[in-house]
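Where a number appears in this text, it was derived from the coordinates with a stated rule and is not lab data. Please read these numbers as outputs of a predicted model, since none were measured by experiment. As a convention, Cβ positions derive from the backbone with ideal geometry for all residues, glycine included, and neighbour counts pool all protein chains shown.
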Amino acid sequence: MNFIKKTTSIPGCFEIIPTIRKDPRGMFIKIFHAPEFKALGLDSDFREEYYSVSKKGVLRGLHFQKPPAAISKLVFCVEGDILDAVVDLRKRSKSYGKAFTVKLSTRKANMLYIPEGCAHGFYALSEKVVMLYKTSGVYSPENDAGVLWSSAGIKWPCKRPIISGRDSSFPAFNEFKTPF
């Protein structure tokens, strides 16, 4: 196996630790292998891939797609360090309304698998961050939604991050009606 699957406090959300192969030239890291992901019980039928570039102090999130376009995600840092955050929006989940955070970094090469029904966001800790996302569905603008970054009990490293107008306009978690 090229991957270790670590459980988190949110059911279905896992930290994925890949095998890092190092030599004098640098590192080689396999980030995805469909048969191994399937063996680990992870959705491996990814439909879309994209990346974002952020500078230090940027906070993106907390984003999700509503049903019928809900998606699972695999996210990781291609460059830099982030504080990654997930909030469980599934009303029948034992961790409904709870948040989980983990530091993702290029050096550790760790990834986060996020199931449908969870909101996702991150804070850029390094001068430059390049995040890659693999998703189980394609982007659906009419089903794109979010929860206000500061309302879900996450201990962000900064009280005044750089944030988009869209992200700052999302409803607070206590005013939010979950579709999951």
Problem set entry | Assigned charges on the beta-carbon of Lys, Arg, Asp, Glu; the chain dipole about Cα centre (debye) | 520 debye
Seminar exercise, completed: Output row, site residue 130, 7 Å Cα→C-beta label point, backbone N cut-off 12 Å, window region 7-37, residues none
Problem set entry | Euclidean distance between Cα centres, region 57-113 to region 149-180, Å | 13 Å
Exercise. What is the Å³ per residue value for the convex hull set by the Cα atoms of the chain?
Worked result: 115 Å³
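Give me 9, 44 ranked fewest to most by other Cβ atoms within 10 Å of their Cβ, as a rough exposure proxy. Mind showing how you got there, number by number?
Values: 9 13, 44 18.
Starting with the residue having the fewest Cβ neighbours, the order is 9, 44.
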Exercise. Structure shown: which of 30/66; 134/159; 5/108 lie over 19 Å apart, alpha-carbon to alpha-carbon?
Worked result: 30/66; 134/159
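Would you mind ranking 33, 120 by Cβ crowding within 10 Å, fewest neighbours first?
33, 120
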Problem set entry | Net length gained if the chain between residue 39 and residue 162 were fully extended (0.36 nm per residue, minus Cα distance) | 40.4 nm
For this session: For residue 30 and residue 66, calculate 0.36 nm times their separation in residues minus their Cα-Cα distance, and state this gained length in nm to one decimal.
Result: 9.9 nm
Exercise. How far, in nm, would the chain grow between residue 155 and residue 53 when pulled straight, counting 0.36 nm per residue and subtracting the alpha carbon separation?
Worked result: 34.5 nm
For this session: Could I have the simple spin-label model distance between residue 107 and residue 22, label points 7 Å from Cα toward Cβ, reported in nm to one decimal?
Result: 1.0 nm
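Restricting to Cα pairs below 8 Å that are 6+ residues apart, what does the relative contact order work out to for the chain? Please round to a whole percent. Walk me through the numbers before you get to the answer.
Working: 415 pairs, mean separation 52.0, N = 180.
Result for the chain is 29 percent.
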Problem set entry | Scattering profile of region 32-83 at q = 0.26 Å⁻¹ [log10 I(q)/I(0), Debye over alpha-carbon scatterers] | -1.17
